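Beneath this line is the structure, given in structure tokens, with notes to follow.
The values are calculated or read from the model by the stated rules, or taken from the named source; none is laboratory data. Predicted, not measured: the structure shown is a model, and the values here were computed from it. Cβ sites come from the backbone with ideal geometry, for glycine too, and all protein chains shown count toward neighbours.
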Amino acid sequence: MITLYVDAARDTVTGRSAAGCLMIIDKVQTQLKTTLVNTSDNQEAEFLAIIWALQQVPDKNNLQIYSDSSIVTDALQKSYAKHYQCLVDKIKLQLDLYPLSLINWIPEKKNRGAHNLALQALKSANH
């Protein structure tokens, strides 16, 4: 089972966004972070963070994703989002490549690792 903890950060003034991901494979944790394209809001950044994180996974094994965005987790579980359907569809296409994929919401305090990585990437983008 591959486990991803994913989060996004966004500068509300500039629209710059970044993603952080803790990837755990066979009890080995890898910390990943990147800048994203400018986004119109934080929810768009959260969807893009998951798309980016899925692109980092080295193999197509069973997958578990944790996010602190209830909008994202709800949309992916229902395969529907009023304003982000194209992003939901893109993620669902990626998830179809895995034998099993689980999407779970977690509170922010349990996603601090991914959150801090996203903030680090955002800070470096703003300098």
Do we find that L22 is buried (at least 21 other Cβ atoms within 10 Å of the Cβ), free of Cβ contacts under 8 Å to residues at least 40 places away in the same chain and touching a helix residue (DSSP H, G or I) at 6+ places or on another chain (Cβ under 6 Å) in this structure? no
Only one of (1) more than 15 Å from A19 (Cβ to Cβ); (2) within 16 Å of the chain's Cα centre (by Cα) does not apply to N62, and that is (2)
When segment 96-127 is checked residue by residue, the ones that are at pLDDT 95 or above, small (G, A, S) and in a helix (DSSP H, G or I) are G113, A114, A118, A121
Being among the small types (G, A, S) and free of Cβ contacts under 8 Å to residues at least 24 places away in the same chain is the requirement here; does S67 meet it? no
Residue set V88, V72, V57, V37; condition of a type in the set (A, V, I, L, M, F, W, C) and surrounded by fewer than 16 Cβ atoms within 10 Å (Cβ to Cβ); output residue V37
Sole exception among (1) free of Cβ contacts under 8 Å to residues at least 24 places away in the same chain; (2) assigned to a loop (DSSP other than H, G, I, E, B) for L93, by number: (2)
Pairing a residue in segment 97-108 that is under 12 Å from Y5 (Cβ atoms) with any residue that is assigned to a loop (DSSP other than H, G, I, E, B) and not small (G, A, S), where Cβ atoms lie under 6 Å and the two sit 6 or more apart in sequence or on different chains, gives I106/D68; E108/D68
Just to be sure before I move on: is D74 assigned to a helix (DSSP H, G or I), touching a Phe, Trp or Tyr at 6+ places or on another chain (Cβ under 9 Å), modelled with pLDDT of 95 or more and among the charged types (D, E, K, R) in the structure I sent? yes
